[in-house]
Amino acid sequence: MVKLRTTLILANIVVVIIVMLVIFVFIKTQIVVRLRGISTLLFDFFKYLRHEVDTPPALVTPKSHDEFGIMAKEINQNIQNIPLGTSAATPRDL
């Protein structure tokens, strides 16, 4: 009876560890990597708006239709719309 209980406890611990590893890998690959991509695009876009770089950032192809895909699509649309407004505007000396 004690051996069965010990075996069940060890099996449960192994299953919990495997599930945690699967969740970690999922979060790492599906969320963090995509969030870094959106973050990089947004920071590059802000550099372009502040005239720190002369060329707009490259557009990102959204790979999904979730919140990250919607954000990428909106940032891409703003990147495409900004050159029209910045060509006549120049940075002011404050």
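The values are calculated or read from the model by the stated rules, or taken from the named source; none is laboratory data. Every value quoted in this text rests on a predicted model; they were computed, and no experiment measured them. As a convention, Cβ positions derive from the backbone with ideal geometry for all residues, glycine included, and neighbour counts pool all protein chains shown. For the accessible areas, the whole protein counts, side chains as well, though only heavy atoms, and no ligand, DNA or RNA atoms are used. Shrake-Rupley method; radii C 1.70, N 1.55, O 1.52, S 1.80 Å.
Tabulated data
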| quantity | calculated |
| --- | --- |
| Filter result for D44 (open to solvent by 90 Å² or more (accessible area, probe 1.4 Å) and within 18 Å of I79 (Cα to Cα)) | no |
| Single match in T55, T90, T29, T40 (criterion: modelled with pLDDT under 90, within 14 Å of the chain's Cα centre (by Cα) and not small (G, A, S)) | T29 |
| Selection count, segment 59-70, where residues are open to solvent by less than 80 Å² (accessible area, probe 1.4 Å) and either not aliphatic (A, V, I, L, M) or not in a loop (DSSP other than H, G, I, E, B) (or both) | 5 |
| Which listed residue, of I18, I9, I75, is of a type in the set (A, V, I, L, M), at pLDDT 90 or above and open to solvent by less than 60 Å² (accessible area, probe 1.4 Å) | I75 |
| Condition met for K47 (out of contact with any strand residue (DSSP E or B) (no Cβ under 7 Å at 6 or more places or on another chain), under 24 Å from I82 (Cα atoms), of a type outside the set (A, V, I, L, M) and part of a loop (DSSP other than H, G, I, E, B)) | no |
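Here's the yes/no breakdown for (1) in a loop (DSSP other than H, G, I, E, B); (2) without any contact (Cβ under 8 Å) to a residue 24 or more places away in the chain:
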{"position": "I13", "(1), (2)": "no, yes"}
{"position": "I17", "(1), (2)": "no, yes"}
{"position": "V25", "(1), (2)": "no, yes"}
{"position": "V33", "(1), (2)": "no, yes"}
{"position": "H51", "(1), (2)": "yes, no"}
{"position": "P57", "(1), (2)": "yes, yes"}
